[in-house]
Each structure stands twice: as C-alpha cells, then as structure tokens.
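First up is the structure itself, then whatever we jot down about it.
The values are calculated or read from the model by the stated rules, or taken from the named source; none is laboratory data. None of these values were measured; they are calculated from a predicted model. Every residue, glycine as well, gets a Cβ built from its backbone with ideal geometry; the counts of neighbours run over all protein chains shown.
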Amino acid sequence: MLKKLIVVITFCFLVGCTARHNTSVTRDTNRVLDAGKVASQLLRKLNLSDSMEQVSDKVMDSVFMQGEDLTDDKVAYLASDKGNSNTIAVFVADEDTSVDVLRQHLLTYLDSQKVTIENNYPTEVFKISNAVLEDNGRVVVLVVADNIEDARKYVNDILEK
C-alpha cells in the first residue's frame, strides 16, 4: 500500500512538472500589445524622447493609412526637428484588417517620404530606406532612426521574434 502511495505521489509530481514545462515553451505570436507602451519603450530605449512629438489619431490615419482607420489602437511619434525623418509608429490591426494591409500602407508612406526628402535632406534617405518594419501577426511597428541596428533589436525583443 505504501509503495502504491509513493508511486502515485511521484507520478503527480512528474505530471505537474511536465505541464509547467510545456506551458512555458508555448508562445502566443499574435498577442496584442499596448501601442502606447510599445512606443514609449522604443522612445526611451532609442533616446529619442526629447526630439519627438506624438501625433493625433486623425493625423496618423491621414499620414500613414491614407485616410483609412484600420486599427484598434495606434500611437506615433514624429521628429519635431525640420528635416529629421525619425519616426516611431505602432499599430494594432483591427479584427477585419490583415497585417499585410497595414504593412502596405506603411511601405507607401515610406516611399512618399523618400521622394519628399530626397532633394532637401539626402542624408535622411538612408534612414528611411533602412526603416524597421516588423509585426507579430497583429501588431505592426515602424521605426525610422539613426541607429537602425539597435532599433531592429529593440523591436524584435518587444515583438518576441
């Protein structure tokens, strides 16, 4: 009887350990992040807080999404200095919008920025051409910054890529 009890208790411990191990490995790649928190984290990590201004939702829709509202949540910061193309924008796709649609709108935005800036501020074209545009299946993050490598690392860390 004692042997059976020890076997049952040991089995319970092993089952408990196994279940815990499996849940820690599982990841939700489509998890929804808070756009404001993500943008604030990126501002802080890239040391851009002093040189950026948050733009309104209406401006975001017209600048980034060509007038369409395709998101559940969005936050963007643009450089306050003229001739500086630094941008941090975070979009959470609504249920009816695929991430690919958001990405296409953001690529259109980047192309138009390149054309606009190319004549007056040619040094900014490199930053725009190498912008970080990543997603996790539901959240899309766009970063145009001087330090592209750090920006990519921070974005991938936040999106858990």
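Tally the residues that are in contact with a strand residue (DSSP E or B) (Cβ under 8 Å, 6 or more places away or on another chain) and within 16 Å of Lys114 (Cβ to Cβ), restricting the search to region 124-142.
Applying the first criterion (in contact with a strand residue (DSSP E or B) (Cβ under 8 Å, 6 or more places away or on another chain)) to region 124-142 yields 127-128, 131-135, 138-142.
Those left that are additionally within 16 Å of Lys114 (Cβ to Cβ): 127-128, 131-133, 142.
Adding up the residues that qualify gives 6.
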Next item on the list: Please find, among Leu33, Leu70, Leu48, the residue that is closer than 24 Å to Lys127 by Cα, surrounded by 15 or more Cβ atoms within 10 Å (Cβ to Cβ), at pLDDT 70 or above and of a type outside the set (Val, Ile, Thr).
Entry: Leu48
Check: So which pairs qualify, if the first residue must be in region 26-53 and among the small types (Gly, Ala, Ser), the second must be exposed (fewer than 14 other Cβ atoms within 10 Å of the Cβ) and modelled with pLDDT under 95, the Cβ gap must be under 8 Å, and the two must be at least 6 apart or on different chains?
Finding: Ser51/Ser80; Ser51/Asp81
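Scan region 117-128 residue by residue and report those that are without any contact (Cβ under 8 Å) to a residue 40 or more places away in the chain and within 13 Å of Thr87 (Cβ to Cβ).
At the first step, the residues of region 117-128 found to be without any contact (Cβ under 8 Å) to a residue 40 or more places away in the chain are 117-123, 125-126.
Matches in region 117-128: Ile117 only.
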Note to self: I need the helices (runs of 4 or more DSSP H) fully contained in region 49-144, keeping only those with at least 3 residues that are touching a Ser or Thr at 6+ places or on another chain (Cβ under 6 Å).
What the structure shows: 122-129
